[in-house]
1. What percentages make up the Cα-Cα pair-distance distribution of the chain when the bins are 5 Å wide from 0?
2. Summarise the accessible area of the chain (1.4 Å probe, protein heavy atoms) by the percent that is carbon and sulfur.
3. May I ask you to give the solvent-accessible area per residue for the chain, in square angstrom, as obtained with a 1.4 angstrom probe?
4. With a Förster radius of 35 Å, plug the Cβ-Cβ distance of Val5 and Ala47 into 1/(1 + (r/R0)^6) and report the FRET value to the nearest 0.05.
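The values are calculated or read from the model by the stated rules, or taken from the named source; none is laboratory data. It should be emphasised that the depicted structure is a prediction, and the values quoted were computed from it without experimental measurement. With ideal geometry, Cβ positions are generated from the backbone for all residues, glycine too; neighbour counts draw on all protein chains shown. Note: areas computed on protein heavy atoms with side chains; ligands, DNA, RNA excluded. Shrake-Rupley method; radii C 1.70, N 1.55, O 1.52, S 1.80 Å.
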Amino acid sequence: MTIAVALVTTAVVIVIALLSAAGAAKLARLDGATYPAALTRAATAFAAVITLAAAVAGALAALFR
């Protein structure tokens with residue numbers, strides 16, 4: 001059961017990170033950025049969401065230990 005919850009949680013975090021990256025790229029393009037610059041902003045947003053999720057997971061794991 002815990003493996004299934006972990007897999008579903010991981011999938012949700014990845015989907016949220018991808019949506020955040022797509023939104024950042026779209027906003028960058030609307031702002032007039034070039035495609036490479038928009039992709040860079042999207043990658044930064046994706047990495048930030050994944051990093052935030054890892055930090056929260058680490059804090060919660062330490063809290064529940």
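1. Once binned at 5 Å, the Cα pair distances of the chain give 3, 19, 19, 20, 13, 10, 8, 5, 3, 1.
2. The C+S portion of the solvent-accessible surface of the chain is 78 percent.
3. Spelled out: the 1.4 Å probe surface of the chain, per residue, equals 76 Å².
4. Working from the Cβ atoms, E equals 0.90.
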